[in-house]
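Undergrad: One structure is given below, represented as structure tokens, and several questions about it will come after.
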Amino acid sequence: MRILLVSVNRESVPYPVAPLGVAYVAGAARRDGHEVHLLDLCFSQRVEDDIAGAVQACAPELIGISIRNVDNLTYPSSVSYLDEIRAAVVALRRHSSAPIVAGGPGFSIFPDRLLVTLDVEYGVVGEGEETLCALARCLQDRCAVPDLPNLIRRGGAPNRVTRKLGPFAGNGWPARDLLDNARYLSLGGMANVQTKRGCPFDCAYCTYPHIDGSSLRLRDPRSVADELASMVDQAHIDEVFFVDDIFNWPSEHAMGICEEIIARRLPIGWTCFATPVGMTAELARAMKRAGCRGVEFGADAASPSILRALAKPFPQAELRAAASACHEVGLPAAYYLIFGGPGESAETVAETCDLIDALKPHAVLAFLGIRIYPNTPLHHLALSEGAVAQADDLLLPRFYMSPGIGEEQLTAAVRSRATGRPNWGVPAL
């Protein structure tokens, strides 16, 4: 079957992100015997023309669209991507009669709503490799499509989906040859690599456990190193970002990957998302030896009460210990902060800023307000406080701001701390 996969993400701030998820689906469909084409709209200047050209070139029998995000997650300058996603679907409809299946993390958070909004035949919640291949086989054989795992369909019962998480053992790599790797690298982006799926933590606002599951599924470190070596040899990629929700947990898995990179002397630099949990000097040293240029800690806060309110899996002490480990080996550390969470006040803002200053961060990226996603603990709290209505599907961005501190006071407090600190970035300011 001829399959056209379309990545509709066009955001390039702070840098363009290669669509790894759709490349994984493309690789799986190829291995299943299908003819796969991939249209990445990130760099498109004329979306309608590019879609028309792609459809004409491959005459697809099935179209998949990948939705990374539905908005830019940034308060107060939030931007919804729904109009451009709809426009892409309309253009696909105009040039092709093939059925459309939607997927990707953005779709998986709002599956029922987006299925209706975009008026597509099918949707995949969570992982799409097995589901898309099974759907394509049914359509190719002209047989009725059964209730496949992770699949929802237009006209079906709301929320009727049976979730299935694959082993993610690394048996199949993403089809990177379908991506413009050189362009992503030249514009400051990095090649993306995934070493695990799932997140065992349960932060109050986070959607990762819903999308990838709460149980960790780890790739063999040798497979990760094999993929990195292939990227260096075949695509001349020398910089990657490990897109795992958390790279350094479990620490023994991260250590195994570092040891493989070191043993093979792979000429590649990398960065990653990390948690303070389990970040020892030994691991930080191994990461640096393996080419790690820096870690990005999802701290979110440093005030003890806010850490608890956000259900972060570490206390202040682990933040200090992780920072100490990175400083000891000379590994740069950046910190993400989110101000305005449950219980935030001028005092907790000061507590967070004081501790972050004491950690001597390489960089800080701070946000005001927290994007509310359906069925998260933060969503339930926002409902109980009347911050959002029960009827609000949250498809358009809504942000939580603690009633204990107003937007004006919060902005002033964060501005006063960020001013004069050139290593702080605050998109809201």
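Where a number appears in this text, it was derived from the coordinates with a stated rule and is not lab data. The model shown is predicted, which means the values in this text are computed figures rather than measured ones. Using ideal geometry, Cβ is built from the backbone for each residue, glycine included, and neighbour counts are taken over all protein chains shown.
Undergrad: Give, as a single signed number, the net charge of other residues whose beta carbon lies under 13 Å from the beta carbon of Arg293, with Lys and Arg counted +1 and Asp and Glu -1.
TA: Spelling it out: positives minus negatives among the neighbours equals -1.
Undergrad: Using just the alpha carbons, could you tell me how many Å³ per residue the convex hull of the stretch 271-423 encloses?
TA: 118 Å³
Undergrad: Shape verdict for the stretch 183-259, please, from the Cα gyration tensor: rounded (a/c under 1.5), prolate (a/b greater than b/c) or oblate.
TA: On the way: a/c = 2.67, a/b = 1.50, b/c = 1.78.
Oblate, because a/c is 1.5 or more while a/b does not exceed b/c.
Undergrad: Find out how many positive minus negative residues lie around Leu216, taking Lys and Arg as positive, Asp and Glu as negative, among other residues whose Cβ is under 13 Å from that of Leu216.
TA: Local net charge: 0.
Undergrad: A follow-up question, please. On alpha-carbon atoms, Rg over Rh for the stretch 149-280 using Kirkwood Rh?
TA: Value, to two decimals: 1.01.
Undergrad: Taking the chain as a Gaussian network, where each spring joins two C-alpha atoms under 10 Å apart, which residue of Leu187, Leu394, Leu115 fluctuates the most?
TA: Highest fluctuation of the listed residues: Leu187.
Undergrad: By the scheme Lys and Arg +1, Asp and Glu -1, what is the net charge of all other residues having a beta-carbon under 9 Å from that of Asn9? Mind showing how you got there, number by number?
TA: Numbers: positive: Arg10, Arg68; negative: Glu11, Asp40.
With Lys, Arg at +1 and Asp, Glu at -1, the net is 0.
Undergrad: What's the percent breakdown of Cα-Cα distances in the stretch 41-81 across 10 Å bins, shortest bin first?
TA: 22, 40, 25, 11, 1
Undergrad: Separate question: Starting from the Cα of Lys196, draw a straight line to each of the lysines and keep only those under 19 Å, dropping any in the same chain fewer than 8 residues away.
TA: Cα-Cα hits under 19 Å: Lys164.
Undergrad: From zero outward in steps of 5 Å, how is the percent of C-alpha pairs of the stretch 98-176 spread across the bins?
TA: Over the stretch 98-176, the share of Cα pairs per 5 Å bin runs 3, 15, 27, 25, 18, 9, 4, 0 percent.
Undergrad: Between the stretch 163-212 and the stretch 316-371, how far is it from one alpha carbon centroid to the other, in angstrom?
TA: Between the Cα centre of the stretch 163-212 and that of the stretch 316-371, the gap is 25 Å.
Undergrad: Also: Would you work out if the stretch 1-69 is rounded, prolate or oblate? Take a ≥ b ≥ c from the square roots of the eigenvalues of the alpha-carbon gyration tensor; rounded if a/c is under 1.5, else prolate when a/b is larger than b/c, oblate otherwise.
TA: Details: a/c = 2.80, a/b = 1.33, b/c = 2.11.
Because a/c hits 1.5 or more and a/b fails to exceed b/c, the stretch 1-69 counts as oblate.
Undergrad: Another question about this same structure. Could you work out Rg/(2.2 N^0.38 Å) for the stretch 1-128, with Rg from alpha carbons only?
TA: 1.00
Undergrad: Under 1.5 on a/c is rounded, so check that first for the chain, then, if it is not, pick prolate when a/b is larger than b/c and oblate when it is not; a ≥ b ≥ c are the square roots of the alpha carbon gyration tensor eigenvalues.
TA: Verdict is oblate for the chain.
Undergrad: What is the pair-distance distribution P(r) of the stretch 227-301, computed from all Cα-Cα distances in 10 Å bins starting at 0, with each bin given as a whole percent?
TA: Taking all Cα pairs of the stretch 227-301, the binned fractions are 19, 55, 22, 3, 0 percent.
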